[in-house]
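The values are calculated or read from the model by the stated rules, or taken from the named source; none is laboratory data. Here the structure is a predicted model, which means the values were calculated and not measured. Here the Cβ positions follow ideal geometry from the backbone for every residue, glycine too, while neighbour counts run over all protein chains shown. Just so you know, the surface numbers come from the protein's heavy atoms only, side chains and all, with ligands and any DNA or RNA stripped out. Shrake-Rupley method; radii C 1.70, N 1.55, O 1.52, S 1.80 Å.
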Amino acid sequence: MKILILNGPNLNLLGKREPSIYGNSTFDEFFETLKMKYGNIELLYFQSNVEGEIINKLHEVGFSFDGIVLNAGAYTHTSVAIGDAIKGIETPVIEVHISNVHAREEFRHTSYIAPNAKGVIAGFGLQSYELAIQSFL
Ligand code: DQA
């Protein structure tokens with residue numbers, strides 16, 4: 001089984017960025033523990049701050065992987081193009097968020113990902129990613 005975790009803008013700053021919302025651990029640290037825990041599956045990770053690179057990655061893996069765990073960051077709330085890319089591929093996508101976006105500002109309540117996603121997991125910290133992986137197993 002092949003699963004890609006795809007992170008969008010500013011998520012490279014995890015561990016430093018607004019730790020009261022996003023926590024203290026870096027994504028690389030967390031990803032290492034995930035890989036050890038789920039050694040029986042092929043787990044890949046890609047992060048970009050660039051909308052088009054996220055779309056290119058969705059196209060690249062979206063016809064061969066078994067699942068995509070996508071935290072599109074702020075693009076979640078703005079990107080028609082990422083929403084369309086998800087519609088255009090075959091691999092199921094789960095939208096994840098570290099924070100509970102519905103308990104935050106109004107603009108974070110809109111998602112261009114959710115209507116095309118298999119499901120949405122938000123508000124469980126980094127565990128949101130793990131819950132998404134488990135749902136693919
Ligand atoms: C986020 C929530 C988004 O609203 C925000 O823009 C992010 C992170 C989260 O994981 O909680 O960058 O996707």
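Quick notes on this structure:
- Taking the criterion of being away from the ligand (no atom under 11 Å from the Cβ) and either open to solvent by less than 20 Å² (accessible area, probe 1.4 Å) or basic (Lys, Arg) (or both), the residues of the stretch 114-137 that qualify are Lys118, Ala132, Ile133.
- In summary, Ile41 fulfils each of the numbered conditions (1) touching a strand residue (DSSP E or B) at 6+ places or on another chain (Cβ under 9 Å); (2) away from the ligand (no atom under 13 Å from the Cβ); (3) in contact (Cβ under 8 Å) with a residue 40 or more places away in the chain; (4) open to solvent by 30 Å² or more (accessible area, probe 1.4 Å) with the single exception of condition (4).
- Single residue of Val101, Val96 found to be touching a Leu at 6+ places or on another chain (Cβ under 8 Å), closer than 18 Å to Ile21 by Cα and aliphatic (A, V, I, L, M): Val96
- Residues that are open to solvent by less than 80 Å² (accessible area, probe 1.4 Å) and among the hydroxyl-bearing types (Ser, Thr, Tyr) within the stretch 74-113 comprise Tyr75, Thr76, Ser79, Thr91, Ser99, Thr110, Ser111, listed in sequence order.
- Unmet requirement for Phe30, which otherwise passes all of (1) in contact (Cβ under 8 Å) with a residue 40 or more places away in the chain; (2) under 22 Å from Ala117 (Cα atoms); (3) out of contact with any helix residue (DSSP H, G or I) (no Cβ under 6 Å at 6 or more places or on another chain); (4) not β-branched (Val, Ile, Thr): (2)
- Within the stretch 1-24, the set of residues being more than 14 Å from Tyr75 (Cα to Cα), open to solvent by 40 Å² or more (accessible area, probe 1.4 Å) and not in a strand (DSSP E or B) comprises Met1, Asn12, Leu13, Lys16, Arg17, Glu18, Pro19, Ser20, Ile21, Asn24.
- Residue in the stretch 46-63 that is touching a residue at least 24 places away in the same chain (Cβ under 8 Å), in a strand (DSSP E or B) and closer than 22 Å to Leu137 by Cα present: yes
- Meets criteria (away from the ligand (no atom under 16 Å from the Cβ), at pLDDT 95 or above, in contact with a Phe, Trp or Tyr (Cβ under 8 Å, 6 or more places away or on another chain) and open to solvent by less than 40 Å² (accessible area, probe 1.4 Å)) for Gly52: no
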